[in-house]
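First the structure, in the form of structure tokens, and then the observations on it.
The values are calculated or read from the model by the stated rules, or taken from the named source; none is laboratory data. Predicted, not measured: the structure shown is a model, and the values here were computed from it. Note that each Cβ is placed from the backbone with ideal geometry, even for glycine, and that neighbours are counted across all protein chains shown. Note: areas computed on protein heavy atoms with side chains; ligands, DNA, RNA excluded. Shrake-Rupley method; radii C 1.70, N 1.55, O 1.52, S 1.80 Å.
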Amino acid sequence: MRECRIEVVPGGPALVRGADVVADPDGAAHPVTRPVVAVCLCGLSQRQPWCDATHKVAEGS
Amino acid sequence: MLLPSPRGTLGAALVSALRGDGPVPATGAHDDEDDLQLSLWVLYELHYRGFDDVPGTWEWDPELLRLRAALEAGFEAAIRERCAGLVTEAEEQAGEQDDVVTALRLIAEADVPALSSYLHRTATAEQYREFLMARSVYHLKESDPHSWAVPRLTGAPKAALAELQYDELGGGRPDRVHQQLFADALTEAGLDPAYGSYVDLTPAPVLAVNNAMSLFGLHRRLVGACVGHLAAFEMTSSLPCRRYAQGAERLELGPAVVRYFDEHVEADAVHEHLAARDICARLVDQQPALRADVLLGAAACVLLEADAARATLDAWEQGLSALRAPEQERVA
């Protein structure tokens, strides 16, 4: 089995390497199509489960 | 691509020399910023895909390299002068937090003119096409200038840059190479997707954005600036790309245009962390002396892009084209 690595960026998303599928908050499965994916941790992303940098807007307001 | 039209006496002499019609200019004396940036752009392009009307051997011609060095000396000095204030400001604000990631973030967050809000809500379809044409000079070779850094890095930052570039270059799928996504967007917007087709229309500040990337990429001593530039580019991309995508939807420019920017919302939300944390910070761990150049590259990305945006917005707000007029119209 290959290793799945998760690195949490302080104030940002989780960078995930080695996963095949990530589930969104509703349980729907999203295939991983790039070498590293950023998974939303703040809950504000408009394209769950992926980070879309919305946390920066929230931070600034 | 054929050689572009020269914009002054230096460019005219250079283009003649590359066609075999005269000597390589002996000095870097140029008429104005347009003449300088176009000449530099031509000299750099010899190291990418070159010109169909220039033999490949010119790439390493000693006289051309001497001319390029003369132009680069002035260009690099101008960039350093332009960026010194923003770098100092970021360093001071970062203060106790000595990490390069904080300083990069402060530079990326600088309050500078940007096109994204205008393209999102205000631009006409014609203005949006002008934006795509000017951007095509870079996006049809997107990420290539930063690939020059690969052989200059070792260990962790090298692995991280390769990881980032693998995604930029399609992750093994030619149809997903970002350069190809942009070519698809041009085609769908009714524009020419051929490499270099809009160079003659591209204003000097946009060529300067491109030339800075080549300057940083082609000089091993500037590898810090090369990766710092990459980090700032990625850190200032995700949110604007969402606005570009929504602007393209508003103007009904087609799914390929929306898709290009939409891909970057998600991709660059990943890349910004790889670039800042895994490439820049790890490189500075290895070579602390490169920290200043990393921040210089980041500031150059932000400020040269802002200069180009300011010129574009000024033109649009006056109801003018942001592009240069084609040669025949300017002569007439």
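Listed residues B:P157, B:P151, B:P145; which is open to solvent by 30 Å² or more (accessible area, probe 1.4 Å) and either aliphatic (A, V, I, L, M) or away from chain A (no Cβ under 14 Å) (or both)?
Matching residue, one of B:P157, B:P151, B:P145: B:P151.
Conditions tested, residue by residue: (1) more than 8 Å from chain B (Cβ to nearest Cβ); (2) under 21 Å from B:A160 (Cα atoms).
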{"residue": "A:V16", "(1), (2)": "yes, yes"}
{"residue": "A:A19", "(1), (2)": "yes, yes"}
{"residue": "A:T33", "(1), (2)": "no, yes"}
{"residue": "A:R47", "(1), (2)": "no, no"}
{"residue": "A:E59", "(1), (2)": "yes, no"}
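Being more than 14 Å from chain A (Cβ to nearest Cβ) and not in a helix (DSSP H, G or I) is the filter; apply it to segment B:198-238 and report the residue that is surrounded by the most Cβ atoms within 10 Å (Cβ to Cβ).
B:T202
For segment A:31-61, which residues satisfy the criterion of being closer than 26 Å to B:G172 by Cβ and not in a loop (DSSP other than H, G, I, E, B)?
A:P31, A:V36, A:V37, A:A38, A:V39, A:W50
Quick one: would you say B:Y195 is out of contact with any Gly (no Cβ under 6 Å at 6 or more places or on another chain), assigned to a helix (DSSP H, G or I) and of a type in the set (S, T, Y)?
no
When only residues in segment B:1-25 that are open to solvent by 20 Å² or more (accessible area, probe 1.4 Å) and assigned to a helix (DSSP H, G or I) count, which is farthest from B:Q37 (Cα to Cα)?
That would be B:S16.
As an exercise: evaluate B:T187 against (1) away from every other protein chain (no Cβ under 14 Å); (2) buried (at least 20 other Cβ atoms within 10 Å of the Cβ); (3) touching a residue at least 60 places away in the same chain (Cβ under 8 Å); (4) in a helix (DSSP H, G or I) and give the number of the one condition it does not meet.
Among (1) away from every other protein chain (no Cβ under 14 Å); (2) buried (at least 20 other Cβ atoms within 10 Å of the Cβ); (3) touching a residue at least 60 places away in the same chain (Cβ under 8 Å); (4) in a helix (DSSP H, G or I), B:T187 violates only (2).
Mind listing just one residue for me: the one in segment A:35-45 that is open to solvent by less than 40 Å² (accessible area, probe 1.4 Å) and more than 7 Å from chain B (Cβ to nearest Cβ) and, of those, nearest to the chain's Cα centre (by Cα)?
For segment A:35-45, the residue satisfying everything is A:V39.
Looking at (1) more than 17 Å from B:A267 (Cα to Cα); (2) more than 10 Å from the chain's Cα centre (by Cα); (3) surrounded by 11 or more Cβ atoms within 10 Å (Cβ to Cβ), which one does A:G27 not meet, given that it meets all the others?
A:G27 satisfies every listed condition except (3).
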